[in-house]
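Quick note: the coordinates plus some simple rules give every number you see, no bench work behind them. This structure is a prediction, so every number in the text was calculated from the model and none was measured. Methodologically, a virtual Cβ is constructed for each residue, glycine included, from the backbone with ideal geometry; neighbour enumeration extends over all protein chains shown.
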Amino acid sequence: MSGFPESFEAVVIGASGGIGAALTARLAADPRVSRVHGFSRRSAVSLDLTDEASIAAAAATVETPRLVIVATGLLQDVDQSPEKRLADLDPARLARSFQVNAIGPALILKHFAPRLPREGKAVLAVLTARVGSISDNRLGGWYGYRAAKAAANQFVRTAAVELAARRGDAICVALHPGTVDTPLSAPFQKGVPDGKLFTPDFAAERLLAVIDGLTPVATGGFFAWDGQPIEF
């Protein structure tokens, strides 16, 4: 991978999910990656986005990773679905969306950023979503998910400013993987144009290609799977 040393550690948060598992597999097959730390609620060292102690404990098992990818997200489950109208808003469900989609990733930045090496290329990448772009919102709906992903983007942008002062070579970005064929997107795939529903492996390949091409001038940015910048 361009700019990284011949041997480095990588971390994938959400390694049991569709995209996370594909990222973990591709990194494990890269001869320059000495070790991939895959964390999830199911991993040997359990990491729960709603439990800061578990995030801190997971970070403590990693020495100096040069790549940390947060591949987590919550759109809906049996107790939660995207809100179509203001009348659908529920405080508890909004709080849960923010906890998983924004606060959890922010706490990962808090505990993993200090682990980055002080010199040389290092990347913190948080998978958010294009619907988290405020300027791109023309359809409305999905209130909680949109707002939480927008908050995650702001956490990334703010962390990038801080990191630039402390670790000048570090890069902190938000990434949009496209619409990927995973349980998260399964109920919403009907309107996806032909050729725009990606396999997890394709998404992982493209995301790693974007990461490969990043330089410090990109820090704080928001990029799609094809490398194109997205406005916040």
**Report entry** Which numbered condition Glu52 misses (of (1) without any contact (Cβ under 8 Å) to a residue 40 or more places away in the chain; (2) farther than 22 Å from Pro200 by Cα)
**Finding:** (1)
Report summary line: The residue that is surrounded by the most Cβ atoms within 10 Å (Cβ to Cβ), considering only those in region 64-81 that are under 26 Å from Asp169 (Cβ atoms) and polar (S, T, N, Q), is Thr72
Requested in this report: Quickly run through region 178-232 and pick out the residues that are within 27 Å of Val36 (Cα to Cα), small (Gly, Ala, Ser) and part of a loop (DSSP other than H, G, I, E, B).
Outcome: Gly178, Ser185, Gly220, Gly221, Gly227
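Return the only residue of Ala53, Ala92, Ala87, Ala122 being crowded, with 21+ Cβ neighbours inside 10 Å and not hydroxyl-bearing (Ser, Thr, Tyr).
Ala122
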Query raised in the report: Restricting attention to region 28-43, does a residue exist that is in contact (Cβ under 8 Å) with a residue 40 or more places away in the chain and surrounded by 23 or more Cβ atoms within 10 Å (Cβ to Cβ)?
Result: no
**Report entry** Failed item in (1) in contact with a Leu (Cβ under 9 Å, 6 or more places away or on another chain); (2) surrounded by 21 or more Cβ atoms within 10 Å (Cβ to Cβ); (3) not aliphatic (A, V, I, L, M), with Tyr143 passing the rest
**Finding:** (2)
Report task. Sort out which residues of region 62-84 are assigned to a loop (DSSP other than H, G, I, E, B), more than 17 Å from Leu124 (Cβ to Cβ) and touching a residue at least 12 places away in the same chain (Cβ under 8 Å), and write them in order of number. Result -> Leu74, Leu75, Gln76, Asp79, Pro82, Glu83, Lys84
